[in-house]
Structures are given as structure tokens and as C-alpha cells.
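> Take a look at the following structure, please.
The values are calculated or read from the model by the stated rules, or taken from the named source; none is laboratory data. Predicted, not measured: the structure shown is a model, and the values here were computed from it. Neighbour counts run over all protein chains shown; Cβ positions are idealised from the backbone, glycine included. Accessible surface is based on the protein model in full, side chains and every heavy atom, while ligands, DNA and RNA are left aside. Shrake-Rupley method; radii C 1.70, N 1.55, O 1.52, S 1.80 Å.
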Amino acid sequence: QPWPEAPAPSGSLAPSPPRQTWARKHEFLLSCLGYCVGLGNVWRFPYLCYRNGGGVFLIPYFLTLLLAGLPLLLMELSLGQYGAAGPITVWKCCPILQGVGVGMLVVSSLVSLYYNVVIAWAFYYLASSFQSPLPWSCDAPSNAELCQEEEDDGDGGDDGDDGILQNASGTATHASASEAFWKEQVLGVTHSSSLGDPGPVQWHLALCLLAAWILVFLCMLGGIRSAGKLVYVTATFPYLVLLILLIRGATLPGSLNGVRFYLSSDWSKLLSAQVWSDAASQTFYSLGIGFGGLLSMASYNKFDNNVVRDTLVIAAGNCCTSFFAGFAIFSVLGHMALRKGVPVGSVADSGPGLAFVAYPEALSLLHGSPFWSILFFLMLLTLGVDTLFGNIEGITTAILDEFPALREWRRKTLLLGVLCASLYLLGLLLITQGGIFWFTLIDTYSTGFGLLIIVLCMCVGIAFCYGTKRFCQDITDMICRCPPWCSRVLGYFKVCWVFFTPCLLLFTLSYTFLEMYAVPLRYGTYKFPAWGTSLGVCMGVLSCLQVPLWATVALCHETGTLSDRFQKATQPLCSWRTAARAEDVIEVPFTITLPISD
């Protein structure tokens, strides 16, 4: 039987405003697609695909999706929808795992801190795109010297770089006009910049970051009702831009070379553990599992929403977008490689290097380059904002569910304002002259081993503490009329939750630890100091440390022997069922709820 909670105190507190729900099913699906389809689908998946054997990479990618991605996605969506609660409150189903929800909040906060910096960069590039010629193109007068050096060195160079810049270590490196604009005009990196000496704030980026947070604040002000309307634009616009860029790229000379390079198959890569680890990591991160955003958005669904169908739609949309984006990216990069007379591999990059150096340079070679640049950075802006919506929604939902009185509009506005202002002030460190090093540090460790441990604890906790039989019954209760195919699908997921998914998570976690030990963290030629790496490890430990910490708290709240306490702390609270199945309870004054006996 569920372990009872202490009754709510009788008193004079006014009832809290009710939780919102999605106005339409499509708004939930679009919000989840917008959240999952982020910058990683555009700047990480195509790079991983060509680096790990081209088309062969799709084999481990889809296998990890089937064995871990889909089961974890269904688990998080079902948990949120059945419990109708955020990342912390939802663990009334198993109080000993409340630390999983707190850890999700820590990860979401760290990700939100640096993710909006990417949106600030996109804002700056978008504003710069209204100039003709583009300031990072060879047609700009300020880049004449760099481009002249490219012509002088072009016959002997095979790296496609042009010009001379001083990097963070003080050594001379060749750089293109696009890279010079990125490092000098945008980041302001100097030879003295480092992790310990970040230098002054770049005020043009500070204004862009402020604009990005104001945009997020205004969009989130009305909760899911306002964000649900915005996703009709922000979630669909990137697909339109990718289609336009693909059509334009297909008409360019050299585009087939780029696509051929993107899909070239190297079957020997399947024997590499790196390939399987990259496939698993990309699956987890691109689906947004373990951040609490999906769980929070699903908590606003109606109880009888078909969560299995939604899981399949979201996963299919996310994977197809990643694969489709590769054609749009590499068709244009193939044209740039042909124009510069270098191999496609020398212009391909990942992360900010692709989005803010390689691809803008490729767009600057096209006729009407400002138009294509505006489209591209508008797409990056909408991709980033959609993902950040989900992260901020996960944080605010967790707080509002724990403190329902804050749902009142003025209090919620104040909470959202304080949250956005705090993250803005903390984010100023990331837009100093050495801010890119802090960005790299947080990006590497905030979503590293700590996130994997949180997801592993969630999977094992639901499978073995809450129980797969009870969890599958919860899903069946939500679907109401479960067709035969759905029952078979749930049987498959049950096997994955108990065996395949935990094993794959353990493999990825082990490889992550090995890679951390074997490969020191770098940005370009700058090697991070030992204290910086230790600080990054502390970020990962901070998130996963919440699991044993709050498990200890849950055990201390119970009575009896350690075995008794553990058994009680793994049983659902009464309010777990009453919150999930409101039609099964009678509400009486002073907010006390009594379950009806069977």
C-alpha cells in the first residue's frame, strides 16, 4: 500500500491557482520537437556522422535509439504525464529517488547558463548579416589583407586557412576571414586570455545576451499557453530554412562532393568503441533526456493522452531532422571546398566552429549572401530558443509544484524575472574575452558523466524500485484502450528498461570516464589547467551527488530498521495516486484528500 504523507495543515491559506494544461495536442508535440531538435542536430550530428564512418554511423545510432533512446524517452514522458508534476514532485512515486529530480534541476540550470550565450552569438551574427558585404567575407574591405594572404599561400596550403592570428597560447596560426571575425570581433580572444584571466566583458555581447534573456522572459511569461502558441513558428521555421538551404545547396557546384563525404562508408569504424559511445551520447543528448524539460512538458498533458504514440513521433522527428540537416550542411560545405580547392574534411567542423565559422564563410560565397546568412542565423535563433524554453520550463515547473502559491501571476512573474536576471548575471563570465574557455568547460562537464548517472538512476529506480509491471500498468491506464500492438511495444520497452538500457548507459558512462582520463580538455591549442578540469568535474559531481544526498534525507524521514526505512522510502506516497487519478478521490475542506477504497 502507498505510504501516507502527513496531512496538509488546516488553515486560512487560499487555494493555489490550478496547473495549466496544453490547449491542443499539437502544441505539446511541437514543443517537444522544438525542445529536442536543437543546435546539436545541426552542428554535431553531421560532424559525428562523417567522422565515424559516414553512413555506417547510422547503424549504431539507430541501435542505441531503439535500445536506450526510445525507452528513456517513453519513461520520462510517461512519468510526467501520469504524475502531473514537475521533476521533483513527481518522485512521490518513489521518494528515495527525489535526488534525481534535484539533479535534473542542477543540469538544466548549468545548461541554461551557457545555452543562451549561443543565442546571444546568433543575435550578433544576425544583426551583422544586414550589412553588405558581410563583415566576415573577403569582399569586406577590412579583410582584404587576410584574403590576399590566402591567395599567396593557396598553392602550398592544404588546410584552407588564411591570414595570421595570435591564438590563446600566443603562437601564430593561420586563420580565414571568417575565423578572424569570430575570434576578434565576436569573442575578443587575445593572446593573454585564459581561464584564470578572462578579461573584460564584451559589451556588444552583453547587450545581445540581455536581449536573449528578455526574449525568453516575455515568451515564458504566460506559461505553456503562450509558449504553446509560439512553437507554431519557432518549431516549424527551422525545417523551412533547412529545406531552402538544401535546395540552394543542391544547385551549387561541388555539392555532391560534400554529400558523398558526409555519407561515405567506412565499415571498419563499427569495431571502434568511440563510434558506439558517440552514437549513444548523441542519442541521449539530442532527445533531451534527463534535463527535466520533457518530463515537465508532459506533466501538462491530459491524463488520457496517448504517450506511446507521442514518443514514437518525437523520436522519429528528431532523428530524421538530424539526418536531413546533414545534407543541407554538407552540400554547401562541398561547394566551399571546391571554391577554395581543398578537401571537404578540411572545412568540416563541429559545434560553434561549424555554426559561426565554417558555414557563415560558405554562405558568404553565395550570390545574395546577406539573405542566406539572415535565414541561417534566424534558424539558429529559433532552434536555441525552443530548447531553452524547455530547460526554463523544467526549472520553473519544479519550483511551482513544490510551492504552489507562486503560481499566482504576479509571484510567478517575479520568480521568472529573478531566474532570468540571475542566469544573465552569471552568464556575463562567458562573454568576457576568455569567456569561450568557460563556455567550453561548462559545456563539456555539465552534460557529461553527471547527466548519465542521473539518467541511469532514473532508469534503475523505475525498473527495480517502482517496478516495471506497475509502470506499464500506469501507461495502460493512461491510454485507456490499449491496442494489441501497444501491449507488444510495452513488453519490448519492459525488457529494455530492465537490461538493455542500463547496460548501454553503463557502457557510455565507462567510456566517458576513460576519455576524461586519457584526453585532456582543450580549446584549439589552449590546454585547460588542472584546477579548471577539477572545477569541471565538480560540476558533474554536483548534479549526481544529489541522488545519494536526498536518498539519505528520505531514509532519515522514515522510522524502523534500515531495511524498513528503505522499503517505506521506495513506496509511492498517497498523493502520487490522488494527483494522477483525481477522479478517484473526494476533495474535502482544508485541501485534505481521501482515496476511495476499492
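> For region 330-357, how many residues are open to solvent by less than 10 Å² (accessible area, probe 1.4 Å) and hydroxyl-bearing (Ser, Thr, Tyr)?
Of the residues in that region, 1 qualify.
> If a residue has to be assigned to a helix (DSSP H, G or I), more than 21 Å from the chain's Cα centre (by Cα) and more than 19 Å from CYS94 (Cα to Cα) to count, how many in region 522-557 make the cut?
6
> Kindly indicate whether any position in region 419-438 is within 30 Å of LEU256 (Cα to Cα) and crowded, with 17+ Cβ neighbours inside 10 Å. It would help to see each step written out before you state the result.
Going through region 419-438, the residues within 30 Å of LEU256 (Cα to Cα) turn out to be none.
Scanning region 419-438, I find no residue that is within 30 Å of LEU256 (Cα to Cα) and crowded, with 17+ Cβ neighbours inside 10 Å, so the answer is no.
> Grab the helices (runs of 4 or more DSSP H) fully contained in region 269-367, keeping just those with 1 or more residues being within 17 Å of the chain's Cα centre (by Cα). Steps first, please.
Working: elements: 273-287, 293-298, 307-340, 359-364.
Correct list: 273-287, 293-298, 307-340.
> Here is a check on your reading of the model: is GLN131 more than 28 Å from GLY293 (Cβ to Cβ), part of a loop (DSSP other than H, G, I, E, B) and at pLDDT 60 or above? Walk me through it before giving the result.
Working: more than 28 Å from GLY293 (Cβ to Cβ): yes; part of a loop (DSSP other than H, G, I, E, B): yes; at pLDDT 60 or above: yes.
So GLN131 passes the test.
> OK, next. Pairs only if they're at least six apart or on different chains, beta carbon under 8 angstrom, first in region 191-215 and touching a residue at least 40 places away in the same chain (Cβ under 8 Å) and open to solvent by less than 70 Å² (accessible area, probe 1.4 Å), second among the β-branched types (Val, Ile, Thr) and assigned to a loop (DSSP other than H, G, I, E, B); list them, first residue then second.
GLY199/THR190
> Report, by residue number, each residue of region 358-373 that is open to solvent by 20 Å² or more (accessible area, probe 1.4 Å) and touching a Phe, Trp or Tyr at 6+ places or on another chain (Cβ under 7 Å).
The answer is GLU361, PRO370.
> Are there any pairs with C-beta distances below 8 angstrom linking a residue in region 367-381 that is in contact (Cβ under 8 Å) with a residue 60 or more places away in the chain to a residue that is basic (Lys, Arg), with the two at least 6 apart or on different chains, and if so which?
TRP372/ARG248
> Restricting the search to region 558-577, which residues are assigned to a loop (DSSP other than H, G, I, E, B), open to solvent by less than 70 Å² (accessible area, probe 1.4 Å) and over 16 Å from GLN98 (Cα atoms)? Outline the logic, then answer.
As a first pass, look at region 558-577 and keep what is assigned to a loop (DSSP other than H, G, I, E, B): 558-561, 570-572.
Add one more test, that the residue is open to solvent by less than 70 Å² (accessible area, probe 1.4 Å), and what stays is 558, 560, 570-572.
Passing the criteria: only GLY560.
> Continuing with this model, one more query. Given the conditions (1) open to solvent by 10 Å² or more (accessible area, probe 1.4 Å); (2) of a type in the set (A, V, I, L, M, F, W, C); (3) closer than 25 Å to LEU419 by Cα; (4) in contact with a helix residue (DSSP H, G or I) (Cβ under 6 Å, 6 or more places away or on another chain), which single one is not true for PHE327?
Exception for PHE327: condition (3).
> Return the total of residues in region 279-304 being open to solvent by 10 Å² or more (accessible area, probe 1.4 Å) and more than 22 Å from ILE392 (Cα to Cα).
3
> Would you mention how many residues in region 1-30 are modelled with pLDDT of 65 or more and touching a Leu at 6+ places or on another chain (Cβ under 9 Å)?
Residues of region 1-30 that are modelled with pLDDT of 65 or more, as a first pass: 16-30.
Adding the requirement that they be touching a Leu at 6+ places or on another chain (Cβ under 9 Å) leaves 16, 19.
Number satisfying all stated conditions: 2.
> Among GLU76, GLU145, which is the only one that is among the charged types (D, E, K, R) and open to solvent by 20 Å² or more (accessible area, probe 1.4 Å)? Walk me through it before giving the result.
On the way: GLU76 fails: open to solvent by 20 Å² or more (accessible area, probe 1.4 Å).
None of the others qualify; the one that does is GLU145.
> Checking the condition open to solvent by less than 10 Å² (accessible area, probe 1.4 Å) and touching a helix residue (DSSP H, G or I) at 6+ places or on another chain (Cβ under 9 Å), which residue from VAL106, VAL90 passes?
Working: VAL106 fails: open to solvent by less than 10 Å² (accessible area, probe 1.4 Å).
Only one candidate qualifies: VAL90.
> May I pose another question? List, please: which pairs have Cβ atoms under 7 Å, are six or more places apart or on different chains, and start with a residue in region 507-536 that is open to solvent by 70 Å² or more (accessible area, probe 1.4 Å) and end with one that is among the aromatic types (Phe, Trp, Tyr)?
Matching pairs, first to second residue: PHE513/PHE449; ARG522/PHE528.
> How do the pairs read when you match residues in region 410-422 that are basic (Lys, Arg) with residues anywhere that are open to solvent by less than 30 Å² (accessible area, probe 1.4 Å) and not in a helix (DSSP H, G or I), using Cβ under 9 Å and keeping only pairs 6 or more apart or on different chains?
What qualifies is LYS412/GLY223.
> Where residues in region 247-272 are of a type in the set (S, T, N, Q) and farther than 15 Å from GLY55 by Cβ, which of them is surrounded by the fewest Cβ atoms within 10 Å (Cβ to Cβ)?
As a first pass, look at region 247-272 and keep what is of a type in the set (S, T, N, Q): 251, 255, 257, 264-265, 268, 272.
Subset that is farther than 15 Å from GLY55 by Cβ: 251, 255, 257, 272.
Values: THR251: 9, SER255: 21, ASN257: 18, SER272: 14.
Result: THR251.
> Here is a further query. Going through region 386-395 one residue at a time, which ones are open to solvent by 10 Å² or more (accessible area, probe 1.4 Å) and not charged (D, E, K, R)?
THR387, PHE389
> So is ALA85 crowded, with 24+ Cβ neighbours inside 10 Å, under 20 Å from TYR300 (Cα atoms) and at pLDDT below 95 or not? Talk me through it step by step, then tell me what you get.
Details: crowded, with 24+ Cβ neighbours inside 10 Å: yes; under 20 Å from TYR300 (Cα atoms): yes; at pLDDT below 95: yes.
Considered against the rule, which asks whether it is crowded, with 24+ Cβ neighbours inside 10 Å, under 20 Å from TYR300 (Cα atoms) and at pLDDT below 95, ALA85 comes out as yes.
> Search region 224-240 for residues being out of contact with any Cys (no Cβ under 9 Å at 6 or more places or on another chain) and surrounded by fewer than 21 Cβ atoms within 10 Å (Cβ to Cβ), and hand back the single one that is nearest to ILE392 (Cα to Cα).
Going through the qualifying residues, I end up with ARG225.
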